[in-house]
1. Which is modelled with pLDDT of 85 or more and surrounded by 16 or more Cβ atoms within 10 Å (Cβ to Cβ), of Leu108, Leu96?
2. So if I check each of Asp161, Asp188, Asp206, which one is loosely packed, with under 15 Cβ neighbours inside 10 Å, assigned to a helix (DSSP H, G or I), among the acidic types (Asp, Glu) and assigned by TED's automatic domain parsing to the domain that holds Leu128?
3. Out of all the residues in the stretch 130-145, is one or more at pLDDT below 80 and more than 29 Å from Asp91 (Cα to Cα)?
4. Taking interchain pairs and intrachain pairs at least six residues apart, which have beta carbon atoms under 6 angstrom, with the first residue in the stretch 135-156 and touching a residue at least 40 places away in the same chain (Cβ under 8 Å) and within 17 Å of Ser67 (Cβ to Cβ) and the second in a helix (DSSP H, G or I) and small (Gly, Ala, Ser)?
Amino acid sequence: MWRGVTDLHPPATYTRNVTRSRHTARPRSSRADGDSETRAERKNRTRQALLDATMELVADRSFASISLREVARGAGIVPTAFYRHFASMEDLGVTLVEDSMRVLRRTLREGRRDLAARQALPTAQSSLAILLSHVHDNESQFRFLIREQHGGIAEIRRAIDTELRLFSKELAIDLSRLPDLAAWLPEDLEIAAELIVTIMLTAVADLLDNDHRGRGAEREIVERTERQLVMVFLGMGRWRARSD
C-alpha cells in the first residue's frame, strides 16, 4: 500500500541561460515523452493510494459514512487533488467495485477453465475451495461488496449488480461448453448460473459474519453450502429444456 503519497508537479520554470551543446541536441519530443511517463506513474500511484485508503476506511464502516477529506488525508494529498483522479466519491466507489470483482472473476474463471479442460461438471467442493481461498486472501474487498450490495449509494449498488450479472453470464458461457449442458437453452444456463452465484454470495456473507458464531462455524457454513450446490448440480443433471 502506498502511504504518504503526494501529487507532485514539474517545476513551472526551468533554469535560464542553459549552455547549449555543439552536438545535436536531444529531441524535445523524447524529453516530453519521458516527463509524460513520469507524470503518469505518479498519477497512477496516487490513484492507487486513494483506493487503498478508501478500502481501509470501509473495513468496518459503510462507504456513505466516509468523506472525501478522510480519503485524501489517508492518501497523503490535499482534498482538491482528489478530483484529478476521480470525478466524485461515487466514481471512487464504483471503481472499488469493479477492481474487487475483476480479481474475483479472474480467479473463478481460471478454476472453471480447469474443470472444462477435464470435461467435468463443477463440484461443490472445487467451486467453494476456489471461492474460500479468495475470500480469506481478500477479506476487506468482500466485506465492502457484501455491505454495499444493499447499501445506501445507488451508483455503487448498480455497479455491484452489473458486475454480478456479468459474473453469472460468464459462468453460463463456461457451463455451456460442458458436454452434459451443451443442449441447454441460454436462458436456462443463466438461471442456473445465477443460482450458483447467489448461493456462493450468501456463503461469503455468512463467513464474514463468522466472528460472532463461535468455533466450527466456518465448517458448518461450508457443509451447508456444499449441500445447496449439490442440489443445484443434481437438478441440472435432470433438467430438460422446454419443448416450446
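The values are calculated or read from the model by the stated rules, or taken from the named source; none is laboratory data. Predicted model only: the values in this text are computed from it and were never measured. When we count neighbours, we look across all protein chains shown, and the Cβ atoms used for this are built from the backbone with ideal geometry, even at glycine.
1. Leu96
2. Asp161
3. Yes, the stretch 130-145 contains a residue that is at pLDDT below 80 and more than 29 Å from Asp91 (Cα to Cα).
4. Matching pairs, first to second residue: Gly152/Ala64; Ile153/Ala64; Ile156/Gly93.
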